[in-house]
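Read the structure below first, then the notes.
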């Protein structure tokens, strides 16, 4: 079925190139997140919503 679909295409390599580009980007992001992370950076950012003094901007008043 796919062979018949791609027979009429003049650029049959583009879907394969797009798949390889997506897959390599996906793998690069997963590797970046899992292997090259600094634990302290993630812990600090994860605690930000829970810290009382972390938000220097005061909440808006009901004006």
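Using a Förster radius of 30 Å, what is the FRET efficiency between residue 3 and residue 25 based on their Cβ-Cβ separation? Nearest 0.05, please.
Working from the Cβ atoms, E equals 0.65.
7 Å from Cα along Cα→Cβ at both residue 11 and residue 44: what's the point-to-point distance in nm?
In this crude label model, residue 11 to residue 44 measures out at 4.4 nm.
Here, each number is a calculation from the coordinates, and none is a lab measurement. Please read all numbers here as calculations on a predicted model, not as lab measurements. Here the Cβ is made from the backbone with ideal geometry for all residues, glycine too, and neighbour counts use every protein chain on show.
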